Amino acid sequence: MEKGSKRQVVYIGLIVFVFIVYSLKLASIQLGEVPYKKMAINNALNKITLYPSRSNIFDRKGKLMVYSTQMYDLSSFPYEIMKLDTGLLCSILEIDLPTVRHLILDARIRAKKRQKNNSFNNSALFYANLSNKQFTLLRENIYRLPGFYIESRTDRQFATTSAPHALGYLGEADESLIELDGYNQPGDLVGITGIERFYEKQIRGIKGVKTVWQDRTYTERGVVKDTQFNYPSTAGPDVISSLDFDLQEYGRLLLNGKKGSIVAIEPTTGEVIAFINNPDYDPNTMVGRERAKTFKALLRDDQKPLYNRAVKGVYPPGSTFKTVMALIAMQEGVLTPETTHGCGGGYRLGSIRVGCHAHGGPLDLRGSIRISCNSYYCQVFRDIIDNPKYGDVKIGYAALEKHLRSFGLGSQLNIDLLGESRGNIPSVAQLNRRHGDRWKSSTVISLSIGQGEILLTPLQICNVAVIMANRGWYYAPHLVKKIDGFNDTSWDRKYRIKKFTSINPTYFATIIDGMSDVTKPGGTANGTGINDIEICAKTGTAQNPHGKDHSIYMAFAPKDNPKIAIAVLVENGGFGATWAAPIANLMIEKYLKPGAETSKPAMEERIKTSVIK
Amino acid sequence: MKYSPLNNNTQEKIDGLSIFLFIVLVIIGFLSISSATSEVNQEFYSLSPIAIKQLIWIGGSVVIIFTILYSNVVVIDYFTYGFYAFAILLNIAVLFLGREVSGAKSWFGFGGIGIQPSEFAKVATAMALAKYLGTYGIRFQGARNIAICLFIFLLPMAIILIQNDTGSALVFLSFFLVLYREGLPGFILISAVWLMFLAICRIVSEATGISSYYGYGLLLGIGSIMVFFARKDKGISTLITVIAVVSAAFYTIVGTVYSSILQPYQRDRIELVLGLKSDDRGLGFNLRQSKIAIGAGELWGRGYLKGTQTKMGFVPEQHTDFIFDTIGEEWGFVGATVFLLIFCGLLTRIVILAERQSTTFGRVLGYSLACVLFFHLSINIGMTIGLVPTIGIPLPFISFGGSSLWAFTLFLFTFLRVDQVRK
C-alpha cells in the first residue's frame, strides 16, 4: 500500500486548502469595507421617535390659545414588507387596495429621504392620524402586520379661531427643511406659518428616542436597556403671546362680513395686542387627516383666506399719512403750528387739481389734521421738497424720503412672522422711472396725501400710530412676549432695541392735539368716539383703482400715557370714518375697559351685522 | 485504572488529542446554541429550552461514548452488516412513517423529539464499506468488487434522495474520496473536477447570455493545439481527442439540462451562489443575513450572547444549519479562524490515525470519518459565507440536534475504539 499511503498527503492538502480559502473569505467579509456591523445593528434596533408636545401658546393674560393633542400614526418599514395581509390592513384603515399601494410607495419615498439624511433607520410614516377605532383595531392586530408599528405624535388644537394668521398652522416638513436642519424626518409636522413657523425651533421641543429590539419579522422584542439608546422627549416651553385673547375674538367679530385687517400694538413695548384679518380660516380644520384636503381647498378659495393681509397687503395710507408729512415739514423747518393755508375746496396748480371737502376758512396745523385738508398738505409737501435750501426738487425729495424711512416705512418692520411686505416709499430713482427725469413737486403732488406710489401694510400704519403715541420712537412689533424656561434669551434681542425717528419729539404735540380732535365735533370721525377715553386718531381713505375706496383709520389712546395703538383697514369701506373708525374705537374701548359693556351699543350692533360686498 | 478495559495490556491508549478536540467542539457547539436561542435583554445567564435539550443530547452521547469504550471491538465487527441493514430499513421506513419537515420526509417523530435515520446511515455505511473492503482477499479492484463498493453507499444515498433530503444524500458522495485512498484512480476525481468546471462555465454562459459557442471554440482550439504538439504519440493524441469530444458532449448536456430540465427555483439557487444574481429580498435574504451576521463580528467579535443577527432570527436556522454565524458574529474573525483551525486539526488528526491503522477496516473507517466530516464542514461553512449553494446539512458536533450529534459521536468513537486496539 505504498502508493495509497502517499495519498494521505492529498487529504491533508485538501484540508489545508479549505482552511486557507475559507479563512481568506472570512477575512474579506469580517475585515472588509462593507459596514456589516452597522447593518446588523440597523436590523435589530428600531429607534422609535418619541415626539414631544409642542409648546402651549397663551395670550398675554395667560389664556390658552393653542395646545397639543395626542395622535397616533401607523409607521412601517416600507422596504421590508414581505408578506402583507393587505385585506386586514384595508379593513382596519377602511381603504382600498390601490390606496394601500399608494401609501407604501409614499412611505418608501419618505424612507429614502430619511436614509439620505444620514439615518440608517429605514422606517417611515405610513398612515398619519389614526382614528380611535383604527387605533384600537391596529393595537390588537399589529402582530399580524409585521413591519408595521404604531407611533404617537402630537397635533394641534386651537382654543381660539380668531387668530389663524398670527398663530399659524402645521404641515409636513418638506425636503428643503429636512436637509437644512437635520432634525426633522419626512412625515414630521412643523410650523408652516405664523408663530408656529417663526418659533419652530423653540416650540417643537426636543424629540426623545425609545430603542427597541426587533426580530426578523420586525416585531418588537422589548426595549433596549442601555440608557444611551433611550431618552425621553422634552415638551416645548410655554409660549406667552402678546395677543389679547378677548380683544382678538372681539375684533374678529367686528370684522365679520368685511374684508380687512385690524392690528393693535402696545406702544411702549411693541407687543402686538390684536392681529386680525378677514377673510381667514378656521385653524381647527387645518389639523389631523383633513389638513392636506383643507389646505388645498383654502388655496383654491378666491376669497384668499390664507392671505395674511395685515403684513402682506399693501395700501396707499391716504390721509393718515398727513400726520407724518406735518412732522417732517416741522423738522425741515417749513411748517410751524401757526402756519395757515387756505383751501377753497381744493388745491389747484396749473392743470392739476386735488379736491378737498367743504370746510370753512383757512386752517392752522391742528385744524388741518382735524379736518384733513388736502390743500393744506399739498402746500406742506411742496414746501418740503421745493425748499430753497436744497435748490433741487430731487434733493428735497430725498430729504423727505430719508425722514419717511426713519418711520420704518419702505422696509420690513421685522415682526416675528415670515413674508412681511416692505410696502413702498418711492425713491428718486423710482419717481424718475415713473414720471421721467424732469418731474416737479406738482407731478408727484398726490404723495402729499398718502396716495400715488406710497404703499403701507396695515402693520406699518399701526406702527405709525405707535410712533405718534410714543412721540417719536418704536420697538419692532412682535407677537411673542415671553418663552418660559427657554434659556437662550437672544431670541428677543431685536425686540428690545428702541428705534427713533428723525423727528424732534417736541413737534409731536401739535399733531397729537389735532388727532385728539378727530373724534370730536368738527373732526372727520365725529360721533365714533368713546366717552371718557381720549382717543387720538386720523382717518384715511385710500383710493382704490379697482373699486370702492378703502376705509382706513389709525389711532392711539389714551392721549397721555398711551396703552394701545391701532390701525384698521376695511377694504372697499369708503370713507375712513364709516367703518374703520368705529371698529378701532370699539377695540380701544374693549381693551381699555375689559369686561365692560360698550358705551356705543348701536354702533357696535351696526358694525357687527354689516356686510360689505 | 487497573480494571479499566482502557488499561488492558493488549490495547494502546485511546487517542487523547482527538477526544480533547471533540470535547472542545461540543462545548463550543453548546455555547453557540445557547447564545443563538437566548432572549435579548436577559439579565442572568439562563438556558433556553433548546440549550437544555442539547444538554440532554450531550448527556446521551456520553452514554454512547462509554458504551463503545467498554464494549469489545469484536462486537463492532460482528454487528456491522446488521447495523447497515437496520439503517437502510429505517431509512425506508421513514418514507412511510416519517414526518414531513420542510419538504423532506426524513424524520421520525416521537412526541417532541425527532430522529433522523439518515444521520446514522452515514456511520453504518462507512462501517459496511470498511468491513467489505477489509474482508480477506477483497480489494478495490475488479468490476464486481467495485460495483459492490459503489452499491454500499449509493443505495442509502438513493433512498435519502427519495426522502427529498438532498443535502444528506450528497454527503454520500464523500465516499468517492475514501475510495481514492483505496486505489480509485486519481484521474476519475480530476475528471470530476474538470466536468464540474465545464458545468459551471456552461451555467454561467446560460445565465448571463454569453454565447456557449465560446466554450466549444476553446475546447476545439486548445484540443487542436495539444493534438498538434502530441502528434507523434498516437495514443496521447487519441486520448486528447476523446477527452475533448466527451467534454463537448457533457458541455452540451449541461446546457440542455440547465435550461430545459431544472426548475426555475433550482436555477435561481445555483445562479445565486455563482454570484450571477443578487436578490436581497427573496432567496438571497438568508445568504445576505448570514453574511451580515459574520461580517458584524469584525476582528474580535461582538461578544458572547451579543449577536443580534442570530438571536433575533435574521439568520435562518440559527441554531442548526447556520450555527457558524453565531461563532462568526460573537467571536469575530479571530474566533472563527480558531474554530476552523480546531476542526481542521481534528480532521488532520483523524487522517493521521487512519493512516496508522494496520487493518483495512480501520483505515477505511478512519478515512470515511475524515471525508464525511470534511464534506460537512466545507459545505456547511461554505454555505454560510456564500462559497457553496445553500445545502441544509448540519455542522458536526456544533449544530443543534440529537441525531447528528449521536451519529457523529458514534462514528468518531467507534473509530477511536478501533484505533485503540490496532496491532
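Details
- Test: residue in region A:60-74 that is in a loop (DSSP other than H, G, I, E, B) and surrounded by 17 or more Cβ atoms within 10 Å (Cβ to Cβ): yes
- Qualifying residue in region A:553-560 (condition: buried (at least 16 other Cβ atoms within 10 Å of the Cβ), outside any strand (DSSP E or B) and either on the phi < 0 side of the Ramachandran plot or outside the structural domain of A:VAL263 (by TED's automatic domain parsing) (or both)): yes
- Test result for B:LEU373, at pLDDT 95 or above, assigned to a helix (DSSP H, G or I), under 30 Å from A:GLY32 (Cα atoms) and under 12 Å from the mean Cα position of the chain (by Cα): yes
- Residues located in region A:469-490, provided they are hydrophobic (A, V, I, L, M, F, W, C) and within 16 Å of A:LEU413 (Cα to Cα): A:TRP473, A:ALA476, A:LEU479, A:VAL480
- A single entry from A:ASN284, A:ASN277 fulfils the requirement of being more than 29 Å from A:ALA509 (Cα to Cα), in contact with a strand residue (DSSP E or B) (Cβ under 6 Å, 6 or more places away or on another chain) and in a helix (DSSP H, G or I): A:ASN284.
- Among the conditions (1) crowded, with 20+ Cβ neighbours inside 10 Å; (2) without any contact (Cβ under 8 Å) to a residue 40 or more places away in the chain, the only one that A:HIS102 does not satisfy is (1).
- Scope region A:402-450; condition surrounded by 14 or more Cβ atoms within 10 Å (Cβ to Cβ), in a helix (DSSP H, G or I) and of a type outside the set (Lys, Arg); matching residues: A:HIS403, A:LEU404, A:SER406, A:VAL428, A:LEU431, A:ASN432, A:HIS435, A:ILE445, A:SER446, A:LEU447, A:SER448, A:ILE449
- Residues within region A:310-339 that are within 19 Å of the chain's Cα centre (by Cα), in a helix (DSSP H, G or I) and either free of Cβ contacts under 8 Å to residues at least 40 places away in the same chain or surrounded by fewer than 24 Cβ atoms within 10 Å (Cβ to Cβ) (or both), tallied: 1
- Verdict on A:GLY205 being away from chain B (no Cβ under 14 Å) and in contact (Cβ under 8 Å) with a residue 40 or more places away in the chain: yes
- Test: residue in region A:36-52 that is more than 7 Å from chain B (Cβ to nearest Cβ) and over 30 Å from A:GLN214 (Cα atoms): no
- Scanning region B:212-257 for residues that are more than 17 Å from B:ILE200 (Cα to Cα) and polar (S, T, N, Q) turns up B:SER224, B:SER237, B:THR238, B:THR241.
- Scope region B:297-327; condition in a helix (DSSP H, G or I) and either more than 26 Å from B:ILE270 (Cα to Cα) or more than 7 Å from every other protein chain (Cβ to nearest Cβ) (or both); matching residues: B:THR308, B:THR310, B:LYS311, B:ILE323, B:PHE324, B:ASP325, B:THR326, B:ILE327
- Here A:HIS546 meets the list (1) modelled with pLDDT under 90; (2) crowded, with 18+ Cβ neighbours inside 10 Å; (3) not acidic (Asp, Glu) almost entirely, failing just condition (2).
- All positions within region B:369-383 that are facing chain A (nearest Cβ under 10 Å) and polar (S, T, N, Q): B:SER378
- Flag: B:SER4 does not match the condition of being at pLDDT below 95, closer than 30 Å to B:GLY307 by Cα and among the polar types (S, T, N, Q).
- Residue within region B:333-342 that is assigned to a helix (DSSP H, G or I), within 10 Å of another protein chain (Cβ to nearest Cβ), within 19 Å of B:PRO394 (Cα to Cα) and of a type in the set (Val, Ile, Thr) present: yes
- Residue that is under 34 Å from the mean Cα position of the chain (by Cα) and closer than 23 Å to A:GLU94 by Cβ, where the choices are A:LEU130, A:LEU177: A:LEU130
- The residue that is nearest to the other protein chains (Cβ to nearest Cβ), counting only those in region B:251-267 that are over 23 Å from the mean Cα position of the chain (by Cα) and modelled with pLDDT under 85, is B:TYR265.
- Selection from region B:100-125 of residues that are part of a strand (DSSP E or B), among the basic types (Lys, Arg) and surrounded by 22 or more Cβ atoms within 10 Å (Cβ to Cβ): none
- Count of region A:1-27 residues, restricted to those that are more than 9 Å from chain B (Cβ to nearest Cβ) and polar (S, T, N, Q), is 0.
- Hits in region B:210-231 (condition: under 13 Å from B:ALA248 (Cβ atoms) and within 37 Å of the chain's Cα centre (by Cα)): B:SER212, B:TYR213, B:TYR214, B:GLY215, B:TYR216, B:GLY217, B:LEU218, B:LEU219, B:LEU220, B:ILE222, B:GLY223
- Residue ID - nearest to A:TYR22 (Cα to Cα), chosen from residues in region B:350-360 that are surrounded by fewer than 22 Cβ atoms within 10 Å (Cβ to Cβ) and in contact (Cβ under 8 Å) with a residue 24 or more places away in the chain: B:ARG356
- Applying a threshold of 7 Å to beta carbon distances and a minimum spacing of six or more residues, or different chains, the list of pairs starting in region A:36-48 at a residue that is under 9 Å from B:GLN289 (Cα atoms) and ending at one that is at pLDDT 85 or above and part of a helix (DSSP H, G or I) reads A:ALA40/B:ILE292; A:ALA40/B:ALA293; A:ALA40/B:ALA296; A:ALA40/B:THR308; A:ALA40/B:GLN309.
- Taking helices (runs of 4 or more DSSP H) as the structural unit, those lying wholly within region A:157-217 and holding at least 3 residues that are crowded, with 21+ Cβ neighbours inside 10 Å correspond to A:164-167, A:194-198.
- Every condition in (1) outside any loop (DSSP other than H, G, I, E, B); (2) at pLDDT 85 or above is met by A:ASN129 except one, and the failing one is (1).
- In region A:561-580, the qualifying residues are those that are in a loop (DSSP other than H, G, I, E, B) and hydrophobic (A, V, I, L, M, F, W, C), and the one that is surrounded by the most Cβ atoms within 10 Å (Cβ to Cβ) is A:TRP579.
- Qualifying residue in region A:476-484 (condition: over 26 Å from A:GLY205 (Cβ atoms) and surrounded by 14 or more Cβ atoms within 10 Å (Cβ to Cβ)): yes
- Among the residues making up region A:586-613, those that are in contact with a helix residue (DSSP H, G or I) (Cβ under 8 Å, 6 or more places away or on another chain) and buried (at least 20 other Cβ atoms within 10 Å of the Cβ) are A:LEU586, A:MET587, A:LYS590, A:TYR591, A:GLU604, A:ILE607.
- Residue among B:LEU405, B:LEU347, B:LEU387 that is within 11 Å of chain A (Cβ to nearest Cβ), over 20 Å from B:PHE153 (Cβ atoms) and either under 17 Å from the mean Cα position of the chain (by Cα) or crowded, with 24+ Cβ neighbours inside 10 Å (or both): B:LEU387
The values are calculated or read from the model by the stated rules, or taken from the named source; none is laboratory data. Quantities reported herein were computed from a predicted structural model and do not represent experimental measurements. Note: ideal-geometry Cβ built from the backbone for every residue, glycine included; neighbour counts use all protein chains shown.
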